[in-house]
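Presented below is the structure to which this report refers.
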Amino acid sequence: MPSLAQPAVPPGAMAAAAQPSIDANGVRLRPWRPDDRATVLSAYADPDIQHWHCRSMTALEADAWIQSWPGRWSGESGAGFAVESAGAVVGQISLRRIDLAGGLAEVSYWVLPTACGAGIAGRALGALTDWSFGSLGLHRIEVCHSTANPASCAVATRSGFALEGTKRAEARHTDGWHDMHLHARLATD
Ligand SMILES: CC(C)(COP(=O)(O)OP(=O)(O)OC[C@H]1O[C@@H](n2cnc3c(N)ncnc32)[C@H](O)[C@@H]1OP(=O)(O)O)[C@@H](O)C(=O)NCCC(=O)NCCS
């Protein structure tokens, strides 16, 4: 049965435009390119990124990961960005789950170990959030992280994502089930 409510963002509105680059807060978010393979590989070789994102990556998988993003953009199911600071890729941020009709998305991020501690994740999160509300037309954006990851909690909280609760044993990591914090920001916050 079709929903009686108007979709927050009409179907096709996202795919109608090319994925943009976003310049804000001293960082540049841009679509991934094939020549980012070495950076992606080095990121997923990092024990912390492997642990919190629950995966490692081979070179072939890095290529496939990079190549997956244009299809996710055109399918309106995801939007992945390389995060550049001073012209070098230092991290990633993405809308990893998008529900355009509901006006909802969930964000994922990591920062290369060599760039951690400089506020990159928060600046990228602010830039993506402003674009997602202002240009894409979303209404609510969520960040979920393990309760055992205080660095991610600090990034979300400092970026205005209120802690709404704890989802018990929601995500399986290599060391077992983790409780997950749910943070969210509304366009009206
Ligand atoms: C969590 C993460 C995204 C934070 O990114 P960031 O750009 O370093 O964020 P910030 O600079 O705001 O630092 C966040 C916290 O991490 C601490 N931190 C983590 N690594 C650090 C490092 N190498 N040097 C200094 N501080 C570091 C900071 O002190 C800060 O803690 P504080 O808020 O108590 O001061 C990044 O550490 C990361 O990618 N970690 C591995 C993957 C991960 O956890 N992804 C998120 C899954 S939900």
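Each value in this text was obtained by applying a stated rule to the coordinates, not by laboratory testing. Just so it is clear, the model here is predicted, and its values are computed rather than measured. Positions of Cβ are backbone-derived with ideal geometry, glycine not excepted, and every protein chain shown enters the neighbour counts.
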key: Set of the range 7-42 residues, backbone N closer than 20 Å to the point 7 Å along the Cα-Cβ line of residue 67   = 19, 31-42
request  = Over the alpha-carbon set of the range 22-145, divide Rg by the Kirkwood Rh and report the Rg/Rh ratio to two decimals.
outcome  = 0.94
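By how many nm would the segment from residue 115 to residue 23 grow when fully extended, if each residue of separation counts as 0.36 nm and the alpha-carbon distance is taken off? Display every interim value, and only then the final one.
Details: separation 92, 0.36 × 92 = 33.12 nm, distance 1.83 nm.
Result for the pair: 31.3 nm of gain on full extension.
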note = For the range 121-133, in residue order, the Karplus 3J(HN,Hα) values (coefficients 6.51, -1.76, 1.60; θ = phi - 60°; whole Hz; Gly and Pro = x) are 4, x, 5, 5, 5, x, 5, 5, 5, 4, 5, 5, 6
key: Whole-number percent relative contact order across the chain, with pairs defined as alpha carbons under 8 Å at least 6 apart   = 20 percent
query = Let a ≥ b ≥ c be the square roots of the eigenvalues of the Cα gyration tensor of the range 99-139; is it rounded (a/c under 1.5), or, if not, prolate (a/b larger than b/c) or oblate?
reply = prolate
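Can you compute the FRET efficiency between residue 147 and residue 16 using 1/(1 + (r/R0)^6), with r the Cβ-Cβ distance and R0 = 35 Å? Round to the nearest 0.05.
Working: r = 39 Å, r/R0 = 1.12.
For R0 = 35 Å, the calculated efficiency reads 0.35.
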note = In nanometres, the difference between 0.36 nm per residue of separation and the alpha-carbon distance of residue 130 and residue 168 is 10.7 nm
